[in-house]
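Below: one structure, written as structure tokens.
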Amino acid sequence: MRPDTLRGLKAEGYKPRTVKEELRDNLIAKIKAGAELFPGIVGYDKTVVPQLENALLSRHDFILLGLRGQAKTRILRQLKSFLDEALPVVAGCEIHDDPTAPICATCRKLAREMGDELPVAWIGRDARYNEKLATPDVSIADLIGDIDPIKAATKKLAFADEEVIHYGLVPRTNRGIFAINELPDLQPRIQVGLLNILEEKDVQIEHEASVSKIGEEQLFYLQSRGLSEAEASSMIVSGFIEPLVKELPMEYAVEMNRLIELQMEGSVG
């Protein structure tokens, strides 16, 4: 029976590995055992498969180039077989946090409060693989994430707070394998964003109000929930300035809010 708390995980001697180390170790084990690496893939034994082996052994990200019907997607989906059978995660975490070193704000807080009693769940290989078909309408928000104004408003949190982030597919595949089909169909700026993750291991999510712009997607989302354009714009701007307003004396905060409301009335409609 697998442990269901951090205490049990430590007692079992669990040591986390990166995904690339996990893929490499399991590939080596399969090669030593003489197992078939990519079942059902025919004709690539002396071409594609050795290159894939080298890529996995070298812990590389890689791109598969070829015409339609050349088994690219099938190869990608078979990469799951090189993952461990099950992986421990913080129970309920959206991004499959490592119980021994959580990174999201919610899990860090939970780890401080519960210590070794932190609840642990186990996920299988299928839950650790995500793929996305690239189309021209795919956005950074879809892949990386965005600020969720509804979450900020309901939890009364500033837009700078980690807990208002709506995670995209890439962070939701944390500690797993993420693949994109038809990469050239992505808009160039989206490709640049993904390249930044691969090369710099870094991504930034900013709110449009920080660059004097209110995003059309956020306006549409709020208006679809019954708010008028003016109410939606006001909510977005108010959420952005909230940390500043909290630092002001009451009389100045009231005056500032009144001036912003007047400015919004003149800019919307």
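Testing residue 256 on (1) surrounded by 13 or more Cβ atoms within 10 Å (Cβ to Cβ); (2) more than 26 Å from the chain's Cα centre (by Cα); (3) at pLDDT below 65, one condition comes back false. Which one is that?
Unmet for residue 256, out of (1) surrounded by 13 or more Cβ atoms within 10 Å (Cβ to Cβ); (2) more than 26 Å from the chain's Cα centre (by Cα); (3) at pLDDT below 65: (3).
Inside segment 1-69, counting only helices (runs of 4 or more DSSP H) that do not spill past its ends, which hold 1 or more residues that are β-branched (Val, Ile, Thr)?
Passing ranges, in order: 19-33, 48-57.
Every residue in segment 11-25 that is touching a Ser or Thr at 6+ places or on another chain (Cβ under 8 Å) and either at pLDDT 95 or above or among the aromatic types (Phe, Trp, Tyr) (or both), please.
14
Any residue in segment 99-119 that's on the phi > 0 side of the Ramachandran plot: show its pairings with residues that are of a type outside the set (Ser, Thr, Tyr) at Cβ separation under 8 Å, as long as the two are six or more apart or on different chains.
115/6
This table checks each residue for (1) in contact (Cβ under 8 Å) with a residue 60 or more places away in the chain; (2) surrounded by 16 or more Cβ atoms within 10 Å (Cβ to Cβ); (3) in contact with a Phe, Trp or Tyr (Cβ under 8 Å, 6 or more places away or on another chain); (4) on the phi > 0 side of the Ramachandran plot.
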residue: 138; (1), (2), (3), (4): no, yes, no, no
residue: 146; (1), (2), (3), (4): yes, yes, no, no
residue: 152; (1), (2), (3), (4): yes, yes, yes, no
residue: 163; (1), (2), (3), (4): no, no, no, no
residue: 171; (1), (2), (3), (4): yes, yes, no, no
residue: 183; (1), (2), (3), (4): yes, no, no, no
residue: 187; (1), (2), (3), (4): no, no, no, no
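Could you tell me whether segment 137-159 includes any residue that is over 30 Å from residue 72 (Cβ atoms), acidic (Asp, Glu) and in contact with a Lys or Arg (Cβ under 9 Å, 6 or more places away or on another chain)?
no
For segment 98-125, how many residues are closer than 22 Å to residue 26 by Cβ and part of a loop (DSSP other than H, G, I, E, B)?
Number of matching residues: 5.
Out of curiosity, is residue 142 outside any loop (DSSP other than H, G, I, E, B) and at pLDDT below 90?
Against the criterion (outside any loop (DSSP other than H, G, I, E, B) and at pLDDT below 90), residue 142 qualifies.
Every residue, every condition in (1) in a loop (DSSP other than H, G, I, E, B); (2) modelled with pLDDT under 65; (3) under 16 Å from the mean Cα position of the chain (by Cα); (4) among the acidic types (Asp, Glu), yes or no:
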| site | (1), (2), (3), (4) |
| --- | --- |
| 166 | no, no, yes, no |
| 189 | no, no, no, no |
| 197 | no, no, yes, no |
| 209 | no, yes, no, no |
| 240 | no, yes, no, no |
| 246 | no, no, no, no |
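The values are calculated or read from the model by the stated rules, or taken from the named source; none is laboratory data. All values reported here derive from a predicted model rather than from experimental measurement. Virtual Cβ from ideal backbone geometry, glycine too; neighbours counted across all protein chains shown.
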